[in-house]
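Here is the structure we will look at.
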Amino acid sequence: MNEISRLNASETDTIAAFATALGGALAVIRVSGPEAVAAGQRVWQGAAPLASPPCRTLRLGVARNAGGVLDGEVLAVYMPGPHSFTGEDVVELHCHGGALGARLVLLALLEAGCRHAEPGEFTKRAFLNGRLDLTQAEAVADLIGAQSESALHLANRQLGGLLGRRVRELDEGLADLLAEIESRLDFPEEDLDWEPTASLRAGLDRAGDACRELLDSQTEGEILRQGIVLVLAGPPNVGKSSLLNAILGRDRAIVTEIPGTTRDTLEELAHIRGIPVRLVDTAGIREANDLIERSGIERSRASIRQAQVVLWIVDGSQPYAGQAWHPGEHTFAGPVLVVANKCDRDACDPPAGAIPTCALDGRGLGELFDAIERLVWQTPHHRESEVAVSARHGRCLAAAAESLAAAEAALDGEAWELVAAALRAAQTELGRMTGRTADPDILDIVFSRFCIGK
Ligand code: GDP
């Protein structure tokens, strides 16, 4: 149990919610809390009571309310606390999907004394009951939101506790240093066998390095969690929509021979070399008189402003001069890759530095993906890091590193009180990361990212 859980452990009600999205073949309802079995048993009836041994076994029964049977085939499972996901008694009812039946089963559970769960409340309880640390709880949301295999691997390693373990080891190292310094404070007169100052400094250095090493993974962490926005822009009719379709490997955008037909921006999720990418296809940028086209072009410019990378696509078979990317015309300071499309045409003469592609047969896409990968990771062949921290973790780590630097400065002046205070401050920050010392506000922010039933 962590510090917060002790504060919250006083009373818990029993919560219930759908664990599956409505409209599927199955609807799974999750119930967690001290009354889970009692409430579940009021709604579900099978040959034997829900809690009869063996537990963690699916049993067939029916779900009913006062009016009669709501679902004639419901599989129920009882997972007793504390060895359940939430650490509490958990009951799951697997009902037939469909609009009405499962909803009425949930309603019957609420009438039987359950409260409808808040978003993320099951995972929050798992955290409060010490089943997961905060980095693991966050990994549950990362796992659900993962847009690429790399993001999925990262989330799974974090869910397995790798990041939390690293931070706890760091925290333990600081605790040892603090104990040493506190004993100097407690017995200042005695000439005990103190650890030499140089070795304390080495300990602080190691901790600082470990913080910075984790901090260095933040860019990767944010890219894998949030993805990057890649905007396809350029003059009309150069093949932007065709390229979007080629990258996606399916027809999503409408392709026509008539210039100026893409009037609005279109966004699609894809992944390129393991990088989750939000691909935005935009209206062709040119001087336009038509009001609708002009507003489409305005949106294209707005998308460019929000991009991480712009693919400026031109028709490689036409002179570049009339199609060139002019930085002064756009509010964008990030990287721009010039793509010379239609390289299948005889007249194709791509400008220097441009990547020749053919959206019709996929030629050049590999080179384009290589270039995107290089831009994003700043290295040609990126290897997945074992851990990659989020922006929230980054803030904690930066603050911890700052406190460690302050501790080292105080160590030079042998200001032991200050060293101890700075070490405690660093520990508090690491505790915020794993949830050991996280305040309720942080928890609200973390768990508000979750969906209901998780
Ligand atoms: P956008 O207006 O820039 O989105 O361009 P579209 O994707 O709608 O394509 C305009 C026209 O160019 C269509 O007729 C496409 O079939 C054609 N096109 C797109 N890419 C290529 C290409 O690589 N080679 C050739 N030859 N034609 C292409």
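Observations
- Farthest toward positive dipole pole in the chain [+1 Lys/Arg, -1 Asp/Glu at C-beta], among Ala179, Asn289, Trp194: Asn289
- In region 278-353, GluC sites (Glu not before Pro) in a DSSP loop with at most 10 other beta-carbon atoms within 10 Å: Glu287
- Other residues whose C-beta falls under 11 angstrom from the C-beta of Ile15 contribute a net charge of -1, scoring Lys and Arg +1 and Asp and Glu -1.
- Mean separation of Cα contacts under 8 Å (6+ apart) over length of the chain, as relative contact order %: 17
- Taking Ile15, Ile445 and counting other C-beta atoms within 10 Å, the order from fewest to most: Ile445, Ile15
- Charge dipole of region 226-377 about the Cα centre (unit charges at C-beta), most positive-ward option of Leu266, Ala340, Ala321: Leu266
- Residue exposure sequence - Glu73, Glu373 - by fewest surrounding Cβ within 10 Å: Glu73, Glu373
- Contact order normalised by residue count of region 226-377, Cα under 8 Å, 6+ apart, percent: 24
- In this Cβ point-charge picture (+1 for Lys and Arg, -1 for Asp and Glu), region 226-377 has a dipole of about 360 debye about its Cα centre.
- Within straight-line reach of Lys342, meaning a Cα separation under 23 Å, sit the following lysines at least 8 residues removed in sequence or on another chain: Lys240.
- Least to most buried among Met433, Met79 (fewest other Cβ within 10 Å first): Met79, Met433
- Remark: region 389-399, residue by residue, has Karplus-estimated 3J(HN,Hα) of 7, 8, 4, 4, 4, x, 5, 5, 5, 5, 5 Hz, where x stands for each Gly or Pro and the curve is 6.51 cos²θ - 1.76 cosθ + 1.60 at θ = phi - 60°.
- The HN-Hα couplings worked out from phi for region 303-315 by the Karplus form 6.51 cos²θ - 1.76 cosθ + 1.60 (θ = phi - 60°) are 4, 4, 4, 8, 6, 8, 9, 10, 9, 8, 9, 10, 8 Hz, whole numbers, x standing for Gly and Pro.
- Partners for Lys454 among lysines (Cα-Cα distance below 25 Å; same-chain residues under 8 apart left out): Lys124
- Student exercise, the chain dipole from Lys, Arg, Asp, Glu Cβ charges, in Debye to nearest 20: 2140
- Listed residues Trp377, Gly394, Thr357: farthest to the positive end of the dipole of the chain (Cβ charges): Thr357
- The H on the amide N of Asp71, modeled in the peptide plane, is under 5 Å from the matching H of Ala63, each at least 5 residues off or on a different chain.
- The charge dipole of region 3-131, taken about its Cα centre with unit charges on the Cβ of Lys, Arg, Asp and Glu (plus for the first two, minus for the last two), comes to roughly 180 debye.
- Amide H contacts for Leu26 (H built 1.01 Å from N in the peptide plane; partners 5 or more residues away or on another chain; cut-off under 5 Å): Gly97.
- Mean separation of Cα contacts under 8 Å (6+ apart) over length of region 3-131, as relative contact order %: 31
The numbers here are math on the coordinates, done by the rules we state, and not lab data. Since we're looking at a predicted model, the values are computed, not measured. Note: ideal-geometry Cβ built from the backbone for every residue, glycine included; neighbour counts use all protein chains shown.
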